[in-house]
1. Residues being free of Cβ contacts under 8 Å to residues at least 12 places away in the same chain and part of a loop (DSSP other than H, G, I, E, B): count how many of those fall in the range 345-358.
2. Looking at this structure, is SER298 out of contact with any helix residue (DSSP H, G or I) (no Cβ under 9 Å at 6 or more places or on another chain) and either touching a residue at least 24 places away in the same chain (Cβ under 8 Å) or acidic (Asp, Glu) (or both)?
3. Condition (residue is without any contact (Cβ under 8 Å) to a residue 24 or more places away in the chain and part of a helix (DSSP H, G or I)) applied to the range 404-411: is it met by at least one residue?
4. Between a first residue in the range 318-343 that is closer than 19 Å to PRO124 by Cβ and a second residue that is β-branched (Val, Ile, Thr) and part of a strand (DSSP E or B), which pairs have beta carbons less than 7 Å apart while being 6 or more apart in sequence or on different chains?
5. Condition first: acidic (Asp, Glu) and more than 16 Å from the ligand (Cβ to nearest atom). Now tell me which residues in the range 147-176 satisfy that.
6. Could you give me the residue pairs with C-beta distances under 7 Å whose first residue belongs to the range 362-389 and is in contact (Cβ under 8 Å) with a residue 60 or more places away in the chain and within 16 Å of the ligand (Cβ to nearest atom), whose second residue is part of a helix (DSSP H, G or I) and among the β-branched types (Val, Ile, Thr) wherever it lies, and which are 6+ apart or on separate chains?
7. Looking at the range 361-396, which of its residues are in a strand (DSSP E or B) and surrounded by fewer than 22 Cβ atoms within 10 Å (Cβ to Cβ)?
8. Would the range 197-218 turn up any residue that is of a type in the set (Phe, Trp, Tyr) and more than 29 Å from ASP88 (Cα to Cα)?
Amino acid sequence: MDKLIIHGGRPLNGSIAVSGSKNAALPILLSSILVDGPVHYANVPRLRDIHTTNKLLNILGCEAAFTDGDGNGVRAEALSLVPEAPYDLVKTMRASVLVLGPLLARLGRAKVALPGGCAIGARPVDQHIKGLEKLGARFDLDSGYIVGYCEELRGAEINFDFPTVGGTESLLMASVLARGQTVLRGAAREPEVSDLANFLKVCGAKIEGIGTSTLRVEGVEALHGCAYSIMPDRIEAGTFLVAAAITGGKLLVRDCPADKLDSVLAKLEEMGAVTEKRDEGVFINASSPLLAAQVVTSPYPGFPTDMQAQILALMTLAQGSGTVEETIFENRFMHVPELGRMGADIRLSGSRAVVRGVKQLTGAPVMASDLRAGASLVLAGLAAQGETQVQRIYHLDRGYEQIEKKLLSAGADIFRAKDN
Ligand code: UD1
């Protein structure tokens, strides 16, 4: 297993480019199942989850592979689909459950292993299932697999109990080929959902209300192949902005989707960083001391839960006392004890963390428990005195493309080493 070794205390400078969005790429690549003909994707990040997605597509009878050497192009084509997504793959990537809708739409059958628990809470899939049932699918549970079938999918009114990103994506994918009109109310408005809807439209789907909480879909007979470029990753961009902030640096985050990061930019400004939207991206200057703040995660356009761990790391070194409240996922504070080992002063009470800024963090061996928790430990390591070793970075490799190379290019002292 690999680990990252960081010698902290160097302000980030220069520029870092943002890769394509993992969370947009996953459902969009999986939507290849819905399409007749080849799809050419650009700006697909080379990440572990994307390789898993391509593997899953291959097993389901849909060709999918990177095409251009070390580049970011993927070609996919559904050739002879089969309906079963095996446990071995699903257990490594919960988003695999998103194939239920497309398989039901194309084959009238789907057998997908239940994803099971996960480090950041129980994460059930009841909203996916309830919605697909409204479209006419029936489900059984068989030896750890969800088995779904339908004669055809028919449009329906679906009211989500709360905004769910994956649930909205599942129902969008299923409804584009359903007979008649589907209305999704209480839909998630995350930019990644909109990127999926935009992709489906380019393939010939009829979708209205993109970016709002009510999506109207008029089912079509078939979707056709196209070329599509995945949106930049707003969470990766936000992570680099915090990396600059925590090291007191000045950094241009190139291709940063600034219009989709308003809540994060506003919080960084509130804490005392200066940010500037430019044509090439977002420039951040954090050379003045930062102040503590109150952060509450909420669905888009609120503060993203996927930036909670990173802003919490930043707060450990800000002046004064702040709070971070997590409202989307239970059990998403696994980074707190690890940050504590580096000298952070954080008290946890249920879904709320009270953070008192300290003068200095100290490098230590720490362990990533999930993707964003891992990111927060790297950020803390960049600012800490001495050496930090972040172990279990396979979590980081799920969501950050070449993170150590990007940080190194902006002046960080960071390298990847084997655990032994
Ligand atoms: C997606 C993102 C993840 C992000 C999250 C919230 C991907 C691959 N992952 O996850 O990085 O943190 O959105 O922005 O895009 N829930 C249910 N029943 C359901 C579905 C969800 O109870 O059927 C709950 C979840 O447990 C969670 C909340 O709803 O508490 C939000 O989950 P959801 O928006 O669906 O997140 P994901 O799509 O899993």
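Quick note: the coordinates plus some simple rules give every number you see, no bench work behind them. None of these values were measured; they are calculated from a predicted model. So basically every Cβ, Gly included, is an ideal-geometry build from the backbone, and we count neighbours across all protein chains shown.
1. 1
2. Values: out of contact with any helix residue (DSSP H, G or I) (no Cβ under 9 Å at 6 or more places or on another chain): no; either touching a residue at least 24 places away in the same chain (Cβ under 8 Å) or acidic (Asp, Glu) (or both): yes.
No: the conditions fail for SER298.
3. yes
4. Between residues of the range 318-343 that are closer than 19 Å to PRO124 by Cβ and residues that are β-branched (Val, Ile, Thr) and part of a strand (DSSP E or B), the close pairs are GLU326/THR297; THR327/VAL296; THR327/THR297; ILE328/THR297.
5. Keep residues of the range 147-176 that are acidic (Asp, Glu), which gives 151-152, 157, 161, 169.
Matches in the range 147-176: GLU151, GLU152, GLU157.
6. Once the first residue is in contact (Cβ under 8 Å) with a residue 60 or more places away in the chain and within 16 Å of the ligand (Cβ to nearest atom) and sits in the range 362-389, its partners that are part of a helix (DSSP H, G or I) and among the β-branched types (Val, Ile, Thr) give ALA375/THR239.
7. Once the filter is applied, which keeps residues that are in a strand (DSSP E or B) and surrounded by fewer than 22 Cβ atoms within 10 Å (Cβ to Cβ), the range 361-396 yields THR362, PRO365, MET367, GLN385, GLU387, GLN389, GLN391.
8. no
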